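Have a look at the structure below, then the notes.
The values are calculated or read from the model by the stated rules, or taken from the named source; none is laboratory data. Just so it is clear, the model here is predicted, and its values are computed rather than measured. Glycine gets a Cβ as well: all are built from the backbone with ideal geometry, and neighbour counts include every protein chain shown. Heavy atoms of the whole protein, side chains included, go into the accessibility calculation; ligands, DNA and RNA do not. Shrake-Rupley method; radii C 1.70, N 1.55, O 1.52, S 1.80 Å.
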Amino acid sequence: MNSSQPIDAGAALPEQTDVDAVEDHRLVALAQGGCPDAYRSLVERHQQRLYHFCYRYLRNEDEAIEASQDAFVRAHAALPRFRPKAKVSTWLYQIALNLCRDRARKAGRLTIAQSAEVAEAACRASTPDEAAMLGADLAKLDRGLAALSEKSRSVLVMSCLDGMSHGECAEVLKCSERAVEGRLYRARHELAAWWARDEG
């Protein structure tokens, strides 16, 4: 990663366009052909967004930096095997998600809700996660998310906290959009059940 560029965890990041995806594949092809500048350009194009994703999942700056850097290292090692079946960004997200999951498991906990910035990015729905945001009870939401199954936590982080579309979530999770909708539905119910127990 290019450490000279400042990383803003709260920055609004634009959706990737088809033109971006084409350029990514061009850079991958050049990098596969042995051009180090091409891979460096690829890293520069994605480092902010990938760090942003890791930070939202891990809520720890140092952990997020390490996870995003590790993702690029692993992607570089896997570069010869990459085939343009999907977006390069999806491939990078899949690597980063696996690394974040591993780090969260090793830590034995997952800290998501630690700032008002997360509240602004939360799902706009009448659910316990929104109630926590509105009530500024971020620590409680944090405990609730940590209590969820990994499947539920992942889809809530990606969709509600990182603002990914259902289509993007489906690509990263390697499932259908309908499956993403089902996971989100179950995740919200899991969180609602936990919320009720906690209040009781």
* Asked: To the nearest 10 square angstrom, what accessible area does His189 show with a 1.4 Å probe?
  -> 100 Å²
* Structure fact -> Glu23 and Ala179 label points (each 7 Å along its Cα→Cβ direction) are spaced in nm at 3.2 nm
* Provide Val180, Val19 ordered by accessible surface of protein heavy atoms (probe 1.4 Å), highest first. => Val19, Val180
* Structure fact -> From most to least accessible, 1.4 Å probe, no ligand or DNA/RNA atoms counted, Arg81, Arg143 line up as Arg81, Arg143
* Asked: With each label point set 7 Å from Cα along the Cα-Cβ vector, what nm distance links Lys151 and Asp198?
  -> 2.2 nm
